[in-house]
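Working notes, beginning with the structure itself.
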Amino acid sequence: MRIKKGGIMRKRGITLCSLLLVGLSLVLTACGSGGKKIVIGTQNYTEPKIIAEMYKALIEDRTGLTVEIKPDLASSKVVIEGMRNNELHMATLYTGEVFNGYFEVEQTKDREKVLQQAQQGFSEHYQLKWFDPYGFENTYAFTVRKEVAQKYNLQNVSDLKPYADTMRIGVDNTWLERESDGYRAFQKTYGFQFKEAFPMQIGLVYEAVANEEVDVVLAYTTDAGLKQYDLQTLRDDKQFFPPFDASPVVREETLKEYPELEEIVSLLIGKIDADTMTELNYYVDVEHRSEKEVAVEFLRQLGLLE
Amino acid sequence: MKALDLFGGSYADFLRERYPDILRATAEHLGISGISVAAGCIVAIPIGIVLARHPIPWLQSVIFSIANIFQTIPSLALLAILIPIFGIGTKPAVFALFLYSLLPILRNTLAGLQSVDKSVLESARGMGYSAAQQLWHIQLPLAFPYMMSGIRMTTVYVISWTTVATLIGAGGLGDLIFTGIGVNKNELIFTGAAAAILLALLVDFILGNLEKWVMRKTGTTKSDTTISY
Amino acid sequence: MADSLLKFFQYVTDQAAHLLFLSWDHIIMVLCGLALAVAVGVPLGVVSARFPKLAGVVLSAANVIQVFPSLALLAVLMIFFGLGFKAVVIALFLYSLLPITRNTYVALKQVDPSMIEAGTGAGMSPLQLLFKVQLPLSLPFLMAGIRLAAVIAIGVATLAPLIGGDGLGREIYSGLSARNNIKIYAGAVPAALLAILADIGLGKLQQRLKASRKPKVAD
């Protein structure tokens, strides 16, 4: 019995060669990420993504740098860690994040003091420059459907107390775990808890409450979902949540390497108020326009881009 | 190293404090996986039986192709595709995993039924067994190990993939993992993963024992039925 | 319904460049993972076929990895390797390992003993036997393993964005967060197509290898 080796060997040779070629081209592509690049990281909701697109447009317009956006990172914490590890260079962060276990902080609800602590603390411990705020705050707000608010006459969070043990609440993925402004701390301050708490991505909570899958949600105040589903936010009467002013944050090392960035980043400081931000979020989340389009349009309106 | 400082006394404290959440997530997880696989069995096994009795090659081909597509499509993509239809939450997750479980169960049922020696069926017919009796008394018992093998394999995979359901608000152990990523707490990631794996192993073990018990009751002997997946 | 379909096609055509880019990223990650898995898994399979005791250990280990929930594995790898590409490729490599290793092992064990006898009879050394007889004959089944691994890898790669990676999962996930069904489909449909095409394509390759491996018996 003779084995026809020719055909088999050729096929095997071809397979091996193609695998080698693939391997080589991969190595080349993967390693060949040359060129000066700034990486902006964002959390998994629309707001920081729009701002990231704004900076991408500004930086690429005014410098020779390219900007890559890494969106949908699981939380601000992941973003901060990413910046610490030099995997990200820039991001949008909120002052209240300072209480989330990064360094020693003084417990205060004063806006100025919280901002100061953020700026000092992150520079000292993480070598990040926390710029002054854009001009809006995006904090947590307990939210219910309008009919429910009217039915039980709910205006403040404390008004929920008598009904809470029958209510299911939808929250973002991290609130249940947060130390100083999370569920456990909330229970201590307000003195009640809900029947059941469901963590999910923040984008999903609005639909969940509108569809009556949950009764209360912990929304973000500048999210479009509030307007889209005509929901009512309740006042944080015990002032449980810290301030959450939004600012650009950049690695100090990156600023040293590209000093021109400092001016560009500062262009947006004080230029975006809460109503504007909510409107921009609305364009993307409800009207389904792209973050890039909305960002560029806004910059043109401000005269920062042609 | 960050990863190592979750062990020691602190992990025991963590478990003690969080076990209600962990149990709740596990129950949700088991619910989603269990219903999906059960639904898969309810649909795939009868189809397998019908195909075995009435072999129509082109129909078999079509059904297998459709089931195979559900297996091939990435789980997240399948989940996402179902959202506009089912909304978010457990419904699309259960349906997606149900679709995912169809092929292995169907394939194993068919293979099991077809593995029965034709001569055995012939002699049964000769002895006066009706078609239904042949099915119930001969084919199914002999096919049972194959079917169980498919069900066990599917269950293990479904339990593993149910973790992804957290991304569409369906709950389950994926919640622990995803939250752990967000708050940088390795204990959560580890616990979510460990619980899912333990759950899979436990269910596999229980199903294995169930298989043995059924076979003992029906007096069939076990054959080697590991089918390559 | 037709209106949504129209909007979907409009979006896809608008974003064609972006989506193609994401698809390319996706494919690259999968290919890297697969290439590594072949480079490591085939030798592992060969060694396992020679040393049955090792086979038990290797296959069990690979089995455990297979059952590890993908979300968790990605998270763990992110802790060690940081955000992005590297961690994802390692995850894909790990998930591809079992199908490739096991199929190599099984295929080698299934090689017709008479072929081996013929080869030894012709004066081949064990190494020559491996490369000229056993591996070529195992190729179809090995391809089946690669095919399965590719489908699994494409699936796991859709989760890459959760740890900062690229790929079509970006579009899916972004659509999920923004509750934008069109975006969800713009990511999910190409991902599904990619998997199906890979399955069909590699399946055809598998058939071709199976056909060519039938040895011609000469007198």
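Throughout, read-outs are computed from the coordinates displayed, never taken from laboratory work. Worth saying up front: this structure is predicted, and the values here are computed from it rather than measured. Backbone-built Cβ (ideal geometry, glycine too); neighbour counts: all protein chains shown.
Partner shielding of A:196-206 amounts to 6, given as the average count of beta-carbon atoms from other chains within 10 Å of each residue beta-carbon.
Roughly what % of DSSP beta bridges within segment A:140-233 run antiparallel, to the nearest 5?
55
To the nearest ten degrees, helix B:174-183 and the longest principal axis of the Cα atoms of chain B are 20 degrees apart.
When both bridge partners sit in chain A, DSSP labels roughly 55% of those beta bridges antiparallel. For the peptide B:149-162, the mean number of other protein chain Cβ atoms found within 10 angstrom of a residue's Cβ is 1. Seen from all directions on average, segment C:85-219 presents a Cα convex hull projection of 9.8 nm².
Compute the separation of the alpha-carbon centres of segment A:216-239 and segment A:259-304 and state it in Å as a whole number. With segment A:216-239 and segment A:259-304 each reduced to a Cα centre, they are spaced 22 Å.
Taking every DSSP helix (H) stretch of at least 4 residues in the protein assembly as shown, weighting each as -39,500 (n - 2.57) and dividing the sum by the residue count yields a mean residue ellipticity at 222 nm of -21500 deg cm²/dmol.
Ordering of A:295-304, B:176-185, B:193-202 by packing is B:176-185, B:193-202, A:295-304, highest average first (other Cβ atoms within 10 Å, averaged per residue). Cross-link check: pairs A:Lys36/A:Lys271; A:Lys227/A:Lys292; A:Lys49/A:Lys151; A:Lys113/C:Lys183; A:Lys195/C:Lys183 evaluated at a Cα-Cα cut-off of 32 Å; pairs beyond the cut-off: A:Lys49/A:Lys151; A:Lys113/C:Lys183; A:Lys195/C:Lys183.
Per residue of peptide B:167-175, the mean number of Cβ atoms on other chains within 10 Å of the residue Cβ is 5.
The protection proxy used here, the mean number of other Cβ atoms lying within 10 Å of each residue, ranks peptides C:153-164, C:56-67 as follows, highest first: C:153-164, C:56-67. Annotation for segment C:131-219: trypsin sites (Lys or Arg not before Pro) lying in DSSP loop with at most 14 further Cβ atoms inside 10 Å of their Cβ are C:Lys216. Scoring C:2-15, A:224-237 by mean Cβ neighbours within 10 Å over their residues and listing the highest first yields A:224-237, C:2-15. For the Cα atoms of chain C, what angle does the longest principal axis make with the long axis of helix C:2-14, in degrees from 0 to 90, nearest 10? Roughly 70 degrees between the two axes. From the largest down, the protein assembly as shown spans 91, 60, 59 angstrom on the principal axes of its Cα atoms.
Normalised size of segment A:35-86, defined as Cα radius of gyration per 2.2 N^0.38 Å with N residues, equals 1.13.
So if I take the alpha carbon set of chain A, get Rg, then get Rh from the Kirkwood formula, what is the Rg over Rh ratio?
Details: Rg = 24.1 Å, Rh = 21.6 Å.
My calculation puts Rg/Rh at 1.11.
With a cut-off of 10 Å between beta carbons, the residues surrounding A:Val157 carry a summed charge of 0, where Lys and Arg count +1 and Asp and Glu -1. By the Cα gyration tensor, segment A:196-306 has an equivalent ellipsoid whose semi-axes, rounded to whole angstrom, run 32, 19, 13 from largest to smallest. Computed over the alpha-carbon pairs of segment B:6-218, the distance histogram in 5 Å steps reads 1, 7, 13, 16, 15, 13, 11, 8, 6, 4, 3, 2, 1, 0 percent, short to long.
Considering only C:Ile163, B:His54, B:Ile177, the residue lying farthest towards the positive end of the dipole of the protein assembly as shown is B:His54, judged by Cα position with unit charges set on Cβ. Helix A:5-31 and the long axis of chain A differ in direction by around 50°, with both axes built from C-alpha atoms. Size descriptors for segment A:140-233: radius of gyration and Dmax over Cα atoms are 12.1, 33 Å. Computed over segment C:1-140, the P(r) tail beyond 24 angstrom holds 51 percent of alpha carbon pairs. Counted over the protein assembly as shown, the DSSP beta bridges are approximately 55% antiparallel.
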